[in-house]
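Chemist: Dumping the structure here so I can ask a few things about it.
The values are calculated or read from the model by the stated rules, or taken from the named source; none is laboratory data. Because the structure is a prediction, the values reported are computed rather than measured. Neighbour counts run over all protein chains shown; Cβ positions are idealised from the backbone, glycine included. Calculation scope for accessible area: heavy atoms of the full protein, side chains included, ligands and nucleic acids excluded. Shrake-Rupley method; radii C 1.70, N 1.55, O 1.52, S 1.80 Å.
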Amino acid sequence: MCVKLHPDDDGHLVSWRRRMGSVAVSPLLHSTGHCEAKQSRTKRSKLLQAALFAALITSNLALAAAPRLTDLQYVGSHNSYHTGFAASEATLLKQLNPALFAALDYRHPPLTQQLDDGVRQLELDVFADARGGRYAHPAIDAQIAKAGLPPAPASAPAGVMDKPGFKVMHVQDVDQRSNCQPLIACLQQVRSWSRQHPGHVPIFILLETKQAPVELGFPSVQPEPFDAGTMDALDAELRSVFRPGEYVSPDQVRGNAGTLNAAGIRLIAPRAMVRPASARPLNPFAAAFRSSVAIPFAIWPTLWAAFSIPLPMALKAFLMALIVSDS
């Protein structure tokens, strides 16, 4: 207990002098200062406790109010890799099929520039090339030579198309130019950008698996089918770039549910599920699309389950990909 003695209180001073003798004033002043210091420390302690309590409440409220993916609107680019045609390719296609050329005559800047500009959804068309070299010699090159046009520059860096691995392009043999090649290089660019910009909102990567033949008026290569083995290989490429904790896997969304679909239905049951009217049906890859695939949501309930995941306040690299097929 701290008692403060006032100098104008004669009774206290007399009593203090009788006990303390000739040093009455000094102990009084020391005691008064000691009381004030102790009261100040008590006040600071209470303020600190109150501040910590307020911070705890605020942080809990912030976590409870953390935005979900359904709260966000994204800017995305279609065929984000597409870089258009070389001059000779453009001249030939204008002669053979002007309408086709007009539809395909567009180009995008590099993926990292798109991300710098605010794009957060990227689309990459993926072709399987298990042995390498399947797309190393586009048929359009022979048609350019046949038409007497100057040779077009290579559509990819030397040797890249000869190596095994998934390739990124729009249409085999005619529209193969990409701002990144092969798929691993594209994903590495995204991961590098992500690590340089911690705290960004999730980046969505749409992987469209291409396996359909095309009719071009001249012979073209038949793409490899995306069977279970091909999907496992795609899974391996994705995992070779992104580390655990940098993506959401189907196992994380499924939890203890029997299937991804069941998990999605369970998670969205408390609220109405709204499907965009303009959304095209998705191929769920019933046979090949298994829970082992690394970064995919191919059915709407699963997508909504993923969208229900709260976003942490400090978000690290966080990527998800939706895999669909052109078949």
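Chemist: Calculate one ³J(HN,Hα) per residue across segment 152-159 by plugging θ = phi - 60° into the Karplus curve 6.51 cos²θ - 1.76 cosθ + 1.60, and present them in order as whole Hz with x for glycine and proline.
Modeler: With coefficients 6.51, -1.76 and 1.60, one gets 7, x, 4, 7, 8, x, 4, x Hz.
Chemist: Now, a different point. At a Förster radius of 25 Å, what calculated FRET efficiency corresponds to the Cβ-Cβ distance of SER192 and ALA154, to the nearest 0.05?
Modeler: Calculated value: 0.55.
Chemist: Can you work out the Karplus-derived ³J(HN,Hα) for every residue in segment 224-232? Use 6.51 cos²θ - 1.76 cosθ + 1.60 with θ = phi - 60°, whole Hz, and x for glycine or proline.
Modeler: Karplus-based 3J(HN,Hα) across segment 224-232 equals 6, x, 9, 8, 4, x, 5, 5, 5 Hz.
Chemist: I'd like to check one number: the per residue accessible area of segment 134-174, probe 1.4 Å, reported in Å² as a whole number.
Modeler: On the way: 1990 Å² over 41 residues.
With all protein chains present, segment 134-174 gives 48 Å² per residue.
Chemist: Accessible area of THR112, 1.4 Å probe, to the nearest 10 Å²?
Modeler: 50 Å²
Chemist: ³J(HN,Hα) across segment 245-253 via Karplus (A = 6.51, B = -1.76, C = 1.60, θ = phi - 60°), whole Hz, x for Gly/Pro?
Modeler: Result, rounded to whole Hz: x, 9, 8, 9, 9, x, 4, 5, 6.
Chemist: What does the charge count around PRO182 come to, taking other residues whose C-beta lies under 10 Å from its C-beta (Lys +1, Arg +1, Asp -1, Glu -1)?
Modeler: 0
Chemist: Could I ask something else about it? If you count only protein heavy atoms and use a 1.4 Å probe, how large is the accessible surface of SER77, to the nearest 10 Å²?
Modeler: 20 Å²
Chemist: What FRET efficiency do you get for ALA145 and ALA103 if R0 is 25 Å and r is their Cβ-Cβ distance, rounded to the nearest 0.05? Don't skip to the answer; put the middle values down first.
Modeler: Values: r = 25 Å, r/R0 = 0.99.
Given R0 = 25 Å and the Cβ-Cβ separation, E is 0.50.
Chemist: If R0 is 30 Å, what FRET efficiency do you get for GLN73 and ALA262 from their C-beta distance, rounded to 0.05?
Modeler: Calculated transfer efficiency: 0.55.
Chemist: Give the ranking of ILE205, ILE265, ILE184 by solvent-accessible surface, highest area first, calculated with a 1.4 Å probe.
Modeler: These residues rank, largest area first, as ILE265, ILE184, ILE205.
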